[in-house]
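Taking it in order: structure first as structure tokens, then the write-up.
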Amino acid sequence: TDDDLMMLVGRDQMSMHRIKLDYLQVTSGVGVQPVASICLNIAGVKRYEAAAGNGPVDAGIKAVKKAI
């Protein structure tokens, strides 16, 4: 939805967010396995995860799912 997009780009600064993406690093290229490393701050608790995937977006989504 439009509200989701506004939140993702940081325009929804007025409300309290319980989940914050502290960092995201993705490694991808020809001949390498795409891997994403993330740190989520969930209600003040930092969760670090990494995952491999079938492309950089898939790796990022898998890492987020592991953290939540």
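The values are calculated or read from the model by the stated rules, or taken from the named source; none is laboratory data. These figures come from a predicted structure and were not determined experimentally. When we count neighbours, we look across all protein chains shown, and the Cβ atoms used for this are built from the backbone with ideal geometry, even at glycine. The protein model used for the area step is the full one, side chains on, heavy atoms only, and it has no ligands, DNA or RNA in it. Shrake-Rupley method; radii C 1.70, N 1.55, O 1.52, S 1.80 Å.
Among the acidic types (Asp, Glu), touching a strand residue (DSSP E or B) at 6+ places or on another chain (Cβ under 8 Å) and either at pLDDT below 95 or open to solvent by 60 Å² or more (accessible area, probe 1.4 Å) (or both): does that describe Asp12? No: the conditions fail for Asp12. Can you find a residue that is modelled with pLDDT of 95 or more and β-branched (Val, Ile, Thr) anywhere in the stretch 18-28? Yes, there is a match, as at least one residue in the stretch 18-28 is modelled with pLDDT of 95 or more and β-branched (Val, Ile, Thr).
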